[in-house]
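J.: Sharing a structure with you now.
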Amino acid sequence: MWERTTEYLFNQRPAFEREGASGYKPGLDTSIALDKMYNEPHRNYRIIHIAGTNGKGSTAHLLASCLQHCGYRVGLFTSPHFIDFRERIRVNGRKISRKFVMEWVAAYKQKPLKGFEPSFFELTSTLAFDYFAWRNVNVAVIETGLGGRLDSTNIVIPDLSVITNIGLEHQQFLGNTIEEIASEKAGIIKHGQPVVVGKAEGNVRRVIENQAKRMYSEARFAQDKPEVLDAKYVDGMLRLKTENYGTIDCELTGDFQIENANTVLTALDILKRLKYRIKEDAVRKGFATVVETTGLMGRWMTLGTAPLTICDSAHNVASITQAMKQLKKETYDKLYMVMGFMADKDIDGILNLLPQKATYYFTQAHTSRALPVNKLKEIAAQHGLKGTTFDHVAEALDAARQAALPRDVIYVGGSMYVLAELLKAIGYDDKLES
């Protein structure tokens, strides 16, 4: 029954996450029609809406964790999922129940939306909004799926919009220049509602500023007045010295989390001004327990020690750049890289960033969007990266573990879908199973 339900959702229209371009469906008409069909459930609670090229998942989870510890009942909608579809929709960290999803889909089948063909993401967004209303959440943190202006989630009127950063991604949908992509992301800015921007320079900043002016929206750039003053690693945590919250230990590690933390703390400052009950001790606890509180996975995540085994969800040029900078800070004798990518990424740009002095285990996720592993090996060879191929992610990791010695490092990444198959294969158990 559960498998039939999730297959129904995925097969409503080819899902972008599985099929790529054929599953992308821009425009808000269907989302608006679905929303009206369910009596506009998102109007029953406050909303924070998050877009950006990188870091929006971490930012969403950090905000949700902080708000939960401040005493709010918090809905969290993110994508994609790693192991279980229900990871996308949570209330106070707990995944939506299978029973609710099955009953909701069964009811929808009895009254399908006539004249429209909802996509997987459109239907899933509506499911999330309706579930949050049913659970009486106080506030929902909503992450966009792709872009912003035409994203299915962009029917909401948030208290605050957040744009983490802007980079080149999904040019076939969002535009060929970084300015065009910035314009799409800035489409989440709503009339009279503030927006926090993590980092933006030059033309990108001007695009966002101009859109904010058109919408009579206050734009606050976190980089202008940083909340994070200093950062260092202490006992496996990222210790942040902050302007207004004292010392914060962040459970998410990796230097790229400093920028995300700065964005979150700036957003909390705006929310405080909007009469949210933001408590300093609750914010510190939210950062320190974000993984446990929200069930976040795959962000510079340690899978094992001796050899140190790290997996990370970086999957485009900007995020891989940050991940490789972080990897250089590790001390090891030899480096083993388990890598697989989606075919619609800038493969040459990514491969240019990967270390030459490493042993590679090329693999692929089992989705039609994946770059075939033999093709990956061929392209990688052109960049001086040599290795062996494996049809399954778990097999590639097993081979790396057999070759590695205790003082070595194994890195697994290149795609969230590679990580998803890996975590499922190794039986990673979500602590917040419900």
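J.: One residue is enough: does the stretch 292-301 have a residue meeting the conditions on the phi < 0 side of the Ramachandran plot, at pLDDT 95 or above and of a type in the set (Ser, Thr, Tyr)?
T.: Yes, that holds for at least one residue.
J.: Can you name every residue in the stretch 267-310 that is more than 14 Å from residue 64 (Cα to Cα) and under 19 Å from the mean Cα position of the chain (by Cα)?
T.: Selection gives 297, 298, 299, 300, 301, 302, 310.
J.: Which condition from (1) surrounded by fewer than 19 Cβ atoms within 10 Å (Cβ to Cβ); (2) on the phi < 0 side of the Ramachandran plot; (3) out of contact with any Ser or Thr (no Cβ under 8 Å at 6 or more places or on another chain) is the one that residue 334 breaks?
T.: So the condition that residue 334 fails would be (3).
J.: Moving on to the next point. Please verify whether residue 421 is acidic (Asp, Glu) and under 30 Å from residue 99 (Cβ atoms), treating the condition exactly as stated. Quick ask: steps written out before the conclusion?
T.: Working: acidic (Asp, Glu): yes; under 30 Å from residue 99 (Cβ atoms): yes.
In short, yes.
J.: For residue 59, indicate whether it is modelled with pLDDT of 95 or more, β-branched (Val, Ile, Thr), in a helix (DSSP H, G or I) and more than 23 Å from residue 266 (Cβ to Cβ).
T.: So residue 59 fails the test.
J.: Turning to a different aspect of this structure: Might you let me know whether the stretch 274-281 holds any residue that is crowded, with 18+ Cβ neighbours inside 10 Å and farther than 25 Å from residue 424 by Cα?
T.: Yes, that holds for at least one residue.
J.: For residues that are assigned to a helix (DSSP H, G or I), in contact (Cβ under 8 Å) with a residue 40 or more places away in the chain and under 20 Å from residue 73 (Cβ atoms), tally how many sit in the stretch 268-277.
T.: 2
J.: Picking from 379, 347, which residue would you name as being among the β-branched types (Val, Ile, Thr) and within 21 Å of the chain's Cα centre (by Cα)?
T.: Result of the check over 379, 347: 347.
J.: Among the residues of the stretch 279-289, are any among the β-branched types (Val, Ile, Thr) and either in the same structural domain as residue 94 (by TED's automatic domain parsing) or closer than 30 Å to residue 403 by Cβ (or both)?
T.: No - not one qualifying residue is present in the stretch 279-289.
J.: If the requirement is being of a type outside the set (Gly, Ala, Ser), in contact with a Ser or Thr (Cβ under 8 Å, 6 or more places away or on another chain) and more than 13 Å from residue 49 (Cβ to Cβ), which of these qualifies: 142, 189, 166, 155?
T.: 166
J.: Return the only residue of 371, 376, 419, 335 being of a type in the set (A, V, I, L, M), in contact with a helix residue (DSSP H, G or I) (Cβ under 7 Å, 6 or more places away or on another chain) and either touching a residue at least 60 places away in the same chain (Cβ under 8 Å) or outside the structural domain of residue 92 (by TED's automatic domain parsing) (or both).
T.: 371
J.: Here's something else I'd like to know. Tell me, which helices (runs of 4 or more DSSP H) wholly within the stretch 154-267 include 1 or more residues that are free of Cβ contacts under 8 Å to residues at least 24 places away in the same chain and either in contact with a Phe, Trp or Tyr (Cβ under 8 Å, 6 or more places away or on another chain) or surrounded by 20 or more Cβ atoms within 10 Å (Cβ to Cβ) (or both)?
T.: Here the list reads 202-214.
J.: If you don't mind, another one. For the stretch 99-149, enumerate the residues that are out of contact with any Lys or Arg (no Cβ under 9 Å at 6 or more places or on another chain), buried (at least 16 other Cβ atoms within 10 Å of the Cβ) and part of a loop (DSSP other than H, G, I, E, B).
T.: Passing the criteria: 113, 145, 146.
J.: If you don't mind, there's one more thing I want to ask. What about residue 418, is it buried (at least 20 other Cβ atoms within 10 Å of the Cβ), in contact with a strand residue (DSSP E or B) (Cβ under 6 Å, 6 or more places away or on another chain) and β-branched (Val, Ile, Thr)? Please lay out each step first, then the result.
T.: Numbers: buried (at least 20 other Cβ atoms within 10 Å of the Cβ): yes; in contact with a strand residue (DSSP E or B) (Cβ under 6 Å, 6 or more places away or on another chain): no; β-branched (Val, Ile, Thr): yes.
In short, no.
J.: A further question follows. Take the residues in the stretch 229-261 that are of a type in the set (Val, Ile, Thr) and out of contact with any Asp or Glu (no Cβ under 8 Å at 6 or more places or on another chain), then tell me which one is nearest to residue 323 (Cα to Cα).
T.: 253
The values are calculated or read from the model by the stated rules, or taken from the named source; none is laboratory data. Quantities reported herein were computed from a predicted structural model and do not represent experimental measurements. As a convention, Cβ positions derive from the backbone with ideal geometry for all residues, glycine included, and neighbour counts pool all protein chains shown.
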